[in-house]
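Here is the structure we will look at.
Rule-based calculations on the coordinates, nothing more; no lab input. Model, not experiment: these values are computed from the prediction. Cβ coordinates were reconstructed from backbone atoms using ideal geometry, including for glycine residues, and neighbour counts include every protein chain displayed.
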């Protein structure tokens with residue numbers, strides 16, 4: 001799929017099979033999709049797994065659970081405070097739920113919620 005990511009106002013065209021915007025390192029039963037993401041840094045992490053054939057994706061996908069997909073040549077990681085996904089004809093899913101059609105915008109809002117707990121020290 002061809003789309004444009006706008007990262008803090010800068011357009012970035014991408015070809016992708018899978019794209020994730022995250023504020024923590026893992027989701028979906030332990031997929032370490034953005035292994036370097038920190039919920040306290042005021043930034044969103046974006047993982048783009050490039051346009052690849054289904055068999056190639058099947059080989060890369062298990063690496064997502066270990067966070068080692070980020071070294072694959074078809075994977076690109078980004079960080080931004082504001083992320084806009086500019087695409088047509090595609091739906092956006094969040095945490096297993098349909099959010100709605102693209103385009104859509106995500107923004108990290110520093111201090112928006114207070115969470116009681118120990119200091120963040122690694123994978124979420």
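Summary table below
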{"quantity": "Segment residue 12-residue 82, extension gain: residue separation times 0.36 nm, minus the distance between their alpha carbons", "calculated": "23.9 nm"}
{"quantity": "18 Å reach of a label modelled at residue 99, 7 Å along Cα-to-Cβ, counting backbone N of the range 68-86", "calculated": "77-86"}
{"quantity": "Mean separation of Cα contacts under 8 Å, 6 or more apart, over the residue count of the chain: relative contact order %", "calculated": "27 percent"}
{"quantity": "Extension gain (nm, one decimal) between residue 72 and residue 1, 0.36 nm per residue minus Cα-Cα", "calculated": "23.7 nm"}
{"quantity": "Relative packing of peptides 95-102, 42-49, 80-87 - highest average C-beta neighbours within 10 Å first", "calculated": "42-49, 80-87, 95-102"}
{"quantity": "Pairwise label distance in nanometres, residue 53 with residue 24, each label 7 Å out on the Cα-Cβ vector", "calculated": "3.8 nm"}
{"quantity": "From the coordinates shown, percent of Cα pairs over 21 Å apart corresponds to which of (1) 40; (2) 63; (3) 72", "calculated": "(1)"}
{"quantity": "Taking 113, 70 and counting other C-beta atoms within 10 Å, the order from fewest to most", "calculated": "113, 70"}
{"quantity": "Centre separation in Å (Cα based) which lies between the range 18-51 and the range 77-112", "calculated": "12 Å"}
{"quantity": "Listed residues 79, 53, 38, most fluctuating in the chain (Gaussian network, C-alpha, under 10 Å)", "calculated": "53"}
